[in-house]
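See structure below.
The values are calculated or read from the model by the stated rules, or taken from the named source; none is laboratory data. All values reported here derive from a predicted model rather than from experimental measurement. Neighbour counts run over all protein chains shown; Cβ positions are idealised from the backbone, glycine included. We work out accessible area using only protein heavy atoms, side chains counted, and drop any ligands, DNA or RNA first. Shrake-Rupley method; radii C 1.70, N 1.55, O 1.52, S 1.80 Å.
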Amino acid sequence: MKPADVVETLRWGHGALAAVVEIHPDRPVALQRLGPPGAAPSRLSQPLVEVLIPGEGRAKASQRLSETAVGSRLRYAGAEQSRDGDWHTLRVALRDEVSGLAAELTLRSFDGVAACQAQVRVTNQGTDPVLLLAVSSFAGGFLGRPVSEVDVLSADSEWLGESRWSRRPLGEHIADLGLAAHGQHGRGRYALSSTGTWSSGRYVPMGGLADRRTGQTWLWQIEHNGAWGWETGERLDGVYVVATGPTDADHQWSQTLAAGESFTTVPVSVAVSDDGLEGAVAALTAHRRALLRPHPDRSALPVVFNDYMNTLMGDPTTAKLLPLVDAAAAAGAEIFCVDAGWYDDDGAWWDSVGAWEPSRTRFPGGIQEVLGHIRDRGMTPGLWLEPEVIGVRSPMADKLPPEAFLQRGGRRVAEHGRYHLDLRHPAATGHLDQVVDRLVEELGVGYFKLDYNINPGAGTDLDADSAGAGLLACNRAHLAWLDGVLDRHPGLVLENCASGAMRMDYALLSRLNLQSTSDQQDFLRYPPIAVAAPLSMLPEQAANWAYPQPDMTDEELVFTMCTGVLGRLYLSGNLPAMSAAQLDLVRAGVRAHRDLRADLVRAIPCWPLGLPGWADHWLALGLRAGDTTHLGLWRRPGAAETSVLSLPHLAGRAVQIETVYPGDKAGWGHSWDPQTAELSVTSTVTGPTARILKLRTL
């Protein structure tokens, strides 16, 4: 037996990441260090795993998920380290003798990447059932820093205003209470959470902490297509963070574990850096790429034309589509997606969807005529689909059994004229498999825009311990269904859309190819969404709409095209009505995007003007790829003529600067100072204007 005061440390990681776990027989196991190798561990005591059950509650009176009674009693029961290819894995086993609960924390990290994915499995090793009310996916203390030195990062998100990132002092949310004089941890917290199935309907499922003095930064993402939460607050030994999937308090989730049963949390990934926010973003970007399901689209990145935004707006017909297909092909598009309405005969389709049969009135010669025309023009045909809903007037509403739908109190959940399928039920997945297979195999569809326009709330209480538990099982069944679709059709390209970007998470984005970043129709309001998008997702997945119109000035047309060029170009617009000069500008924008897209799959984002504000007049996004930095600049009405951009990664370097789009049009100038690493940009253009620059070190 070792003396009770002896502390052991468990070390794990690789050349880019180090984790140090402290093991003590009389205190909770704690994560002492998570960061780049070489730094000394901090003396942190935040329990490694938190578990809330009704018979135990919290160790102190509070509403936060730090210091739960079970979490405080969990003791070390062993560990295992392994490696599978490039993935390093650590498993730490814990046990609470009082409740009979065992927990296993798993950390996975890709070799050379300063990030890891965390997940917890809780098992009832006792004889009596145990009701779980909350289980942490990740819990840790942030480097022992006081609240006064820490900033918190988060992103508000809503329809038309997605990914509105901010960085604020944590002290704005949590007061300095002088805890040392009281000898107790704090009881308050700063917490964010989602509701229902729109994982990013209110906030992006991410967060971050940054030490403004040292630059040390954590960024985390909750990889779940449903309810989630995270919180941070002050402890005697610094700041903590706990991230979870659904919980009882926030999401009506509880799960009973009978003897021998287990529950596994949703994954949470954490990126770490000693080089500030952009260092943590670089690590998270590399980690996201490691999480992706292999797919040929990942490297090809074909340009998508979609007929919806500011163009057909859900009213496609053969007569409208054929000239649009020709113009899209001439502009350089490689996929053409027919958006909403292709299944509608009477113009009132919202609450009748679900059978997904092509309209006979919109396409007198059959939709095959349009899809064949798309193929003849060298593009892949695509269709809009909202698979998880059945309209209340749809014939499928009566053909499928009641158990195939989400229910509360014995009645189907209806939102905005739609029922929500319960993908746990084989009749629901069988119907959707039949739809997808028919459209792919009979009509030759190679692309689906998967939309999702309702939020069914807390979930379903049918065959579930709680509404939240039913929803979690449905969320996981949704992911399994997507995996099955891609297993059967490995070349099928799937877009993630939910009223723009209301379900923007890496449970889905690890599987799906691109993410619609917004439904924003005002081209002047879109740039802050596009500029912030690479913090929320990979730049090569950020499908930013560019919707040029014939009534735009040349500079307005360039402005909207620039919004799409530095992401996954998502083109729309009434191209057949444009002049030859306007079409030349569109084609030039598509060429600029296609020329740089090989760099997208290795690019690291940076923000030379800082994180974008919703009302900022100047906006800038940089994508670093080797010795090249692709730089997007937008100047909105009311802006000063000059803006100064900070590019510290180019400090002391001579730089060649090229305007790649729209070429050498007048009205813009720039100068580079290698000593200060500042780029001064001036525009004398009247009205909205934008440019794409390429900076190459010499």
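Structural remarks
- Scanning the stretch 278-303 for residues that are open to solvent by 20 Å² or more (accessible area, probe 1.4 Å), closer than 28 Å to VAL120 by Cα, among the aliphatic types (A, V, I, L, M) and part of a helix (DSSP H, G or I) gives ALA282, ALA286, ALA290, LEU291.
- Residue check for ASP346: touching a residue at least 60 places away in the same chain (Cβ under 8 Å) and charged (D, E, K, R): no
- Qualifying positions in the stretch 494-507 - farther than 22 Å from THR264 by Cβ and either open to solvent by less than 10 Å² (accessible area, probe 1.4 Å) or under 14 Å from the mean Cα position of the chain (by Cα) (or both): LEU494, GLU495, ASN496, CYS497, ALA498, GLY500, ALA501, MET502, MET504
- Taken together, ASP616, ASP599 contain a single residue that is among the acidic types (Asp, Glu), within 26 Å of LEU650 (Cβ to Cβ) and in contact with a His (Cβ under 7 Å, 6 or more places away or on another chain), which is ASP599.
- Looking only at residues of the stretch 83-116 that are over 23 Å from the mean Cα position of the chain (by Cα) and not in a strand (DSSP E or B), we find that the one that is nearest to ARG288 (Cα to Cα) is ASP86.
- Residue match in the stretch 459-479 (condition: among the hydroxyl-bearing types (Ser, Thr, Tyr), open to solvent by less than 10 Å² (accessible area, probe 1.4 Å) and in contact with a Ser or Thr (Cβ under 8 Å, 6 or more places away or on another chain)): no
- Qualifying strands (runs of 3 or more DSSP E) (wholly inside the stretch 126-175; at least 1 residues being at pLDDT 95 or above and over 30 Å from GLU97 (Cβ atoms)): 150-156, 164-169
- Applying a threshold of 8 Å to beta carbon distances and a minimum spacing of six or more residues, or different chains, the list of pairs starting in the stretch 163-182 at a residue that is of a type in the set (Val, Ile, Thr) and ending at one that is part of a helix (DSSP H, G or I) reads ILE174/VAL147.
- Residues that are surrounded by fewer than 17 Cβ atoms within 10 Å (Cβ to Cβ) and within 25 Å of the chain's Cα centre (by Cα), drawn from the stretch 162-194: SER166, ARG167, ARG168, PRO169, HIS173
- Number of residues in the stretch 231-247 that are more than 15 Å from GLU67 (Cα to Cα) and open to solvent by less than 10 Å² (accessible area, probe 1.4 Å): the value is 1.
- When the stretch 128-146 is limited to residues that are among the hydrophobic types (A, V, I, L, M, F, W, C) and buried (at least 23 other Cβ atoms within 10 Å of the Cβ), the one that is farthest from GLY57 (Cα to Cα) turns out to be LEU143.
- Screening SER510 against (1) more than 13 Å from the chain's Cα centre (by Cα); (2) of a type in the set (Gly, Ala, Ser); (3) open to solvent by 10 Å² or more (accessible area, probe 1.4 Å) leaves a single unmet condition, (1).
- Members of the stretch 77-100 that are of a type in the set (Asp, Glu) and surrounded by 16 or more Cβ atoms within 10 Å (Cβ to Cβ): ASP96
- Yes/no for LYS320 being free of Cβ contacts under 8 Å to residues at least 40 places away in the same chain, surrounded by 15 or more Cβ atoms within 10 Å (Cβ to Cβ) and at negative phi: yes
- Criterion (at negative phi, within 17 Å of the chain's Cα centre (by Cα) and open to solvent by 30 Å² or more (accessible area, probe 1.4 Å)) met by exactly one of ASP451, ASP519, ASP437: ASP519
- Residues within the stretch 208-229 that are open to solvent by less than 10 Å² (accessible area, probe 1.4 Å), within 19 Å of LEU277 (Cα to Cα) and in contact with a Phe, Trp or Tyr (Cβ under 9 Å, 6 or more places away or on another chain), tallied: 8
- Residue that is surrounded by the fewest Cβ atoms within 10 Å (Cβ to Cβ), among those in the stretch 101-127 that are under 24 Å from GLN221 (Cβ atoms) and of a type in the set (Val, Ile, Thr): THR106
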